[in-house]
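Trainee: Before I ask anything, here is the structure I am working with.
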Amino acid sequence: MLQVQFLRDNRNEIIERLKIKNFNESLVINQVISLDDKRKSIQSESDELLARSNTIAKEIGILFKSDKREEANCLKEESLRIKEKTKALQSSLLEIQNELRELLVKIPNVPHHLVPSGKSDADNVIVKEHGKIPELSEYKKPHWDLCSQYNLIDFELGNKITGAGFPVYTNKGAKLQRALISYFLDKNTEAGYIEYQPPHLVNEDSGFGTGQLPDKEGQMYHIKEDNLYLIPTAEVPVTNFFRNVILNKEDFPIKCTAFTPCFRREAGSYGKDVRGLNRLHQFDKVEIVQIQHPDKSYETLNVMVDHVSSILEELELPYRILRLCGGDLSFTSALTYDFEVYSAGQDRWLEVSSVSNFESYQSNRLKLRFKNLNGKTQLCHTLNGSALALPRIFAALVENNQTESGIKIPKALQEYTRFNIID
RNA sequence: GGAGAGAUGGCAGAGUGGUCGAAUGCGGUGGUCUUGAAAACCAUUGUACAGCAAUGUACCGGGGGUUCGAAUCCCUCUCUCUCCGCCA
């Protein structure tokens, strides 16, 4: 959510830049500003009336004590008249505030200057490519075949007990998964992130705080009886740790990492992309979250990108980094870098991480602030990224390292798996 | 699931209808004293909105009501805690 003051101060620039995100409703922005004008005038009118009725109430108290009944009754009447007026003003104020919020929630975050224009993922810009695409034999297999050949994942069993998109890991597959989680968490804590194990269910306020609610309601699993949502990413609980918090400037940067399963309904996803581990309803992910001073958030974004790169390099996976174009950028993000690894069994790039700077867009919803040098409260910047999403890493590792004698485990992982080949 | 208790400022904890945005203690910040520190003492210390400012308004878990006036009374919701039962 953008701040109204920010919209006022930068109206034309914001309208221009939002076009990059294919948001062309400049009307909404004008509406917000004029509604806010209305809000201000009604509020000051109502404040004046309330001030009068407060003084009246005090006077009545004094009059009663000195037994001046008649004068008191006179004031009572005036107070009742004021009360009627303020009641009407308050209710229209509430209406305006709701309307204002509804409009504000519709305006996406303003894209950063680096964001290229474009309509779809085809327009994303490759900013870096690293590693050699492995040359496999003509008998190479996709991971779903390898997983059943080596007994790593039982997709059918998942279908039986839950449904499609809920794989069951087994044997060395389960061990590899566990190894990856530990490895990622260790990498992140070595880089200074504090490890958390958050709840996997969150309340409505948390869903709103990070921007999943109200628009992406249908993408989360919802438990009606308790009005709780299964988290679609650890970003939701972890970032919401800091909802309604005022930090001191020396608290920066706040760095958190958490492993959680992620639950996504993926309503409306069909087609061949969903085969095997490519798209799941439940998957594991290790997330990194940072809260930063606004002046340092872009510097931090780069550091996070480098951190994710270093993990992929250690895993010896060929990857590329994309700067998302306006059309592919998420509603809440100002700048996002996607990481894709090459999965040689399927011969395609798989997204394994998405590192974003939300600037103050989430903070404004979360009411996450800090005291600046003038002692004023100011919104923080929030950032997050995957480090890393498990299933596609799993898929790429299995596919890229397949040999006739088995699947080789990269060196960096061996101390975690305690085996160096799956055969 | 049954029974009960509670929700007040960063924390602890007073406050049962008018001068309560809220005592007191702790903590934080600034200062005095000191070679330095501690102690002691003094001052200061919530958030939001409007305003150049003075200041005004709102907020004592959320929502609603009674009243000229509510932290205080009433209704309702949520959450937390304790005991019993069940259970990883």
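The values are calculated or read from the model by the stated rules, or taken from the named source; none is laboratory data. These numbers were taken from a predicted model, which means no experiment stands behind them. A quick note on method: Cβ atoms are made from the backbone with ideal geometry, for glycine too, and the neighbour counts reach across all protein chains shown. The accessibility values were calculated without ligands, DNA or RNA, using every heavy atom of the protein model including side chains. Shrake-Rupley method; radii C 1.70, N 1.55, O 1.52, S 1.80 Å.
Trainee: Starting from the residue with the highest accessible area, list A:Ser41, A:Ser309, A:Ser360 in decreasing order, probe 1.4 Å.
Mentor: Numbers: A:Ser41 65, A:Ser309 5, A:Ser360 40 Å².
The most accessible residue leads, giving A:Ser41, A:Ser360, A:Ser309.
Trainee: Can you work out ³J(HN,Hα) from phi for every residue in the stretch A:117-130, in order, using Karplus 6.51 cos²θ - 1.76 cosθ + 1.60 and θ = phi - 60°, giving whole Hz and x for Gly and Pro?
Mentor: My calculation for the stretch A:117-130 gives 6, x, 9, 9, 4, 5, 9, 5, 9, 7, 9, 7, 10, 9 Hz in order.
Trainee: Using θ = phi - 60° and the Karplus form 6.51 cos²θ - 1.76 cosθ + 1.60, what ³J(HN,Hα) does each residue of the stretch A:369-384 get, whole Hz, x for Gly and Pro?
Mentor: Ordered by residue, 3J(HN,Hα) equals 10, 9, 8, 7, 4, 7, x, 8, 7, 9, 6, 7, 9, 10, 9, 7 Hz.
Trainee: Based on the Cα gyration tensor of chain A, what are the three equivalent ellipsoid semi-axes, each the root of five times an eigenvalue, rounded to whole Å and given largest first?
Mentor: Values: eigenvalues 553, 101, 80 Å².
Listed largest to smallest, the semi-axes of chain A are 53, 23, 20 Å.
Trainee: To continue, here is another question. Going from most exposed to least, what order do A:Lys132, A:Lys187 have by accessible area with a 1.4 Å probe?
Mentor: Numbers: A:Lys132 175, A:Lys187 45 Å².
Listed by decreasing accessible area, they come as A:Lys132, A:Lys187.
Trainee: Which value results when the Cα radius of gyration for the stretch A:1-124 is divided by 2.2 N^0.38 Å?
Mentor: So the stretch A:1-124 has a normalised radius of gyration of 1.71.
Trainee: Another question, if that's okay. Would you look at the GNM of chain A, springs on alpha carbons closer than 10 Å, and say which of A:Arg52, A:Arg392, A:Arg365 moves the most?
Mentor: A:Arg52
Trainee: Follow-up. Sum up the lysine pairs in the stretch A:86-157 that clear both bars: alpha-carbon distance under 26 Å and a spacing of 8 or more or different chains. If you can, show how the numbers build up before the last one.
Mentor: On the way: A:Lys106/A:Lys119; A:Lys119/A:Lys128; A:Lys132/A:Lys140; A:Lys132/A:Lys141.
For the stretch A:86-157, qualifying lysine pairs total 4.
Trainee: Related question: Per residue of the stretch A:136-143, what does 6.51 cos²θ - 1.76 cosθ + 1.60 with θ = phi - 60° give for ³J(HN,Hα)? Whole Hz please, x for Gly and Pro, Karplus curve as stated.
Mentor: 9, 5, 5, 8, 4, 10, x, 5
Trainee: May I pose another question? Would you mind getting the accessible area per residue of chain A, heavy atoms of the protein chains only, 1.4 Å probe, in Å²? It would help to have the intermediate numbers written out before the result.
Mentor: Values: 21350 Å² over 423 residues.
Using a 1.4 Å probe on heavy atoms only, each residue of chain A averages 50 Å².
Trainee: Calculated FRET efficiency, A:Ser26 and A:Asp251, Cβ-Cβ r, R0 35 Å, to nearest 0.05? Don't skip to the end; give the middle numbers.
Mentor: Numbers: r = 37 Å, r/R0 = 1.07.
Taking R0 as 35 Å, the efficiency between A:Ser26 and A:Asp251 is 0.40.
Trainee: Tell me which residues come under 5 Å, amide H to amide H, from A:Leu388 once H is placed; ignore anything under 5 positions away on its chain.
Mentor: Residues meeting the criterion, in which the H sits 1.01 Å from N, are A:Val286.
Trainee: What's the carbon and sulfur percent of the stretch A:97-152's accessible surface, probe 1.4 angstrom, rounded to a whole number?
Mentor: With neighbouring chains kept in place, the figure for the stretch A:97-152 is 47 percent.
Trainee: In Å, what Rg and Dmax follow from the Cα atoms of the stretch A:149-221?
Mentor: Taking only Cα atoms of the stretch A:149-221, I get Rg and Dmax of 16.8, 45 Å.
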